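Quick notes on the structure that follows.
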Amino acid sequence: GQEIDSLPEIIHKCAEAAEWKARWKGWRTPISVNGPRRRGIGAALGMHVSGYSPSSAIVKMNQDGGATVLTGAVEIGQGYGTIVAQIAAETLGLRYEDVNVVLADTAAAPAARGNVGTMGTSSAARAVQLAAEDARKKLFELAAGRLKASPDQLEAKDRQIWIKGTDSRIPIADICLTNWQVTGSANNPPGSSIRDEKTGRVIRAYAVACTITEVEVDVETGKIEVLKITSGHDCGRAINPIMVENQIDLGLVMANGWVHTEEYVIDPKTGVVLNPNLLDYKLTTFLDMPQSKDVIKIVAERPCAWGPYGAKGFSETAVTAEGPAIVNAIYNATGVRIYSGFLSAANVLKALKQQPFAE
């Protein structure tokens with residue numbers, strides 16, 4: 001589907017941004033050699049499902065013309081509450097600041113699966129859009145008599161309800177104040193109902209990624225330095241482009257840490273974790289990442305059939321491709337292939353000794 005169609009676009013854009021043609025010299029042929037330091041480049045592809053689950057939402061119009069969104073999904077720091085407010089405002093013809101969001105309060109908000117499995121946007125936020133559309137439909141029905149028009153002739157924008165193509169309008173606040181309570185609600189349709197028009201098959205939403213890394217390996221010490229990361233992603237539609245870039249940054253930092261600095265040391269005899277604290281279990285820091293100018297983020301927007309306004313979850317996808325891209329770059333630099341284990345200096349040096357690299 002559209003997800004797979006976007007992959008060639010992402011690959012080509014990443015290759016261009018990473019200067020692949022100029023940097024790539026061939027397998028087992030490093031970009032450069034400076035004494036014991038060998039520089040290589042590697043690429044990898046990743047994919048992660050953009051989950052879809054049952055979710056509900058309520059959009060309650062307030063008497064000042066604003067709206068309150070009630071959603072059962074959780075804000076865990078990635079900006080779910082922000083995009084929900086954006087989606088409701090866009091649907092209702094309001095401004096972002098007109099929308100208040102109540103998150104994951106089980107005493108008030110309807111049920112939702114939550115923000116897991118890259119489904120916050122594709123599932124819970126989709127239910128918010130549908131609930132906002134339900135509230136908008138009711139506003140149009142109430143405004144139709146006042147404007148002497150049918151509901152299908154109306155549109156909502158700039159905090160007002162307009163007869164399309166005319167100057168006739170009425171403030172949304174007027175409708176809300178004179179009709180006391182206008183509330184929209186919605187449940188997501190079942191996933192089995194979202195089908196491809198041509199084949200009739202159920203559509204599954206996936207996010208795809210391409211990551212290209214450039215690394216330097218010191219063959220005397222085994223130390224690896226990640227010098228440059230170029231990462232491309234398909235998020236369907238970027239509801240909030242700044243947060244999309246932030247999510248890519250987060251995924252890249254996490255992936256670098258998982259393969260590069262964050263190692264569990266376990267006693268093989270007892271099973272006891274020997275580094276159970278944040279001093280010995282080394283979380284990634286700024287010093288472990290390339291400079292900001294050398295972290296290039298690319299977004300391809302191919303609206304999908306699942307999420308609100310064509311958006312879909314993609315955050316976890318950023319984690320999938322960086323590790324393989326780093327080990328491919330190590331192979332390019334040294335001719336040594338590392339299939340498992342952790343990329344600590346000791347483990348890399350051990351691999352280099354077991355598989356002598358080409359001089």
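The values are calculated or read from the model by the stated rules, or taken from the named source; none is laboratory data. Keep in mind that what you see is a predicted model, and the values were worked out from it rather than measured. Glycine gets a Cβ as well: all are built from the backbone with ideal geometry, and neighbour counts include every protein chain shown. What goes into the accessible areas is simple: the full protein's heavy atoms, side chains included, and nothing from ligands, DNA or RNA. Shrake-Rupley method; radii C 1.70, N 1.55, O 1.52, S 1.80 Å.
Pairs with C-alpha atoms separated by more than 29 Å, drawn from the list K282/K350; K228/K353; K164/K198; K157/K297; K21/K350; K13/K312, are K164/K198; K157/K297; K21/K350.
Share of pairwise Cα-Cα distances greater than 16 Å in segment 252-326 is 66 percent (whole percent). Scaled against 2.2 N^0.38 Å for its residue count N, the alpha carbon radius of gyration of segment 109-205 is 1.37.
The mean of 1/r over all pairs of different alpha-carbon atoms in the chain, once inverted, gives a Kirkwood hydrodynamic radius of 22.9 Å.
Within the listed set L250, L274, L177, the Gaussian network model of the chain (springs between alpha-carbon atoms below 10 Å) gives the highest mean-square fluctuation for L274.
Taking a ≥ b ≥ c as the square roots of the Cα gyration tensor eigenvalues, with a/c under 1.5 meaning rounded and otherwise prolate when a/b beats b/c, else oblate, which class fits segment 1-62? It comes out prolate by the Cα gyration axes. Within the accessible area of the chain, the carbon and sulfur atoms contribute 53%, probe 1.4 Å, all protein chains present. Sorting E214, E90, E133 by accessible area puts them as E90, E133, E214; the probe is 1.4 Å, largest comes first, and only protein heavy atoms count. So between L177 and M254, what do we pick up on full extension, going 0.36 nm a residue minus the alpha carbon distance? Gain on stretching L177 to M254: 22.9 nm. For the chain, adding -39500 (n - 2.57) for each run of n ≥ 4 DSSP H residues and dividing by the number of residues yields -9500 deg cm²/dmol at 222 nm. For the peptides 144-152, 327-335, the ranking by packing is 327-335, 144-152, with the highest mean count of neighbouring Cβ atoms within 10 Å listed first.
Given their separation in residues at 0.36 nm each and the Cα-Cα distance between them, S32 and T270 gain 81.3 nm when the chain is fully extended. GNM on the chain, alpha-carbon springs under 10 angstrom: the most fluctuating residue among E197, E316, E19 is E197. One chain, two ends: N240 and A345. Fully extended at 0.36 nm per residue, the span grows by 33.9 nm beyond their Cα-Cα distance. Once both labels are positioned 7 Å from their Cα atoms along Cα-to-Cβ, the gap between E133 and D64 label points is 2.9 nm. D for segment 285-359, whole µm²/s, Stokes-Einstein with Kirkwood Rh over alpha-carbon pairs at 37 °C and 0.692 mPa s: what number? Result for D is 210 µm²/s. Legend: calculated FRET efficiency, E155 to D294, from the Cβ-Cβ distance at R0 = 51 Å, rounded to 0.05, equals 0.65.
Net charge near L252, counting Lys/Arg +1 and Asp/Glu -1 over other residues with Cβ under 13 Å of its Cβ? So the environment of L252 carries a net charge of -4.
Shape analysis of segment 129-266 places it in the prolate category; the axes a ≥ b ≥ c from the Cα gyration tensor give an a/c of at least 1.5, with a/b above b/c.
Annotation: per residue accessible area for segment 217-359 equals 50 Å², rounded to a whole number [probe 1.4 Å, protein chains only]. Excluding ligands, DNA and RNA, the accessible surface per residue across segment 115-191 is 48 Å² with a 1.4 Å probe. With K and R counted +1 and D and E -1, the other residues having a Cβ less than 12 Å from that of A333 yield a net charge of +3.
Residues considered: C176, C304, C14. Largest GNM mean-square fluctuation over the chain, using C-alpha springs under 10 Å, is found at C176.
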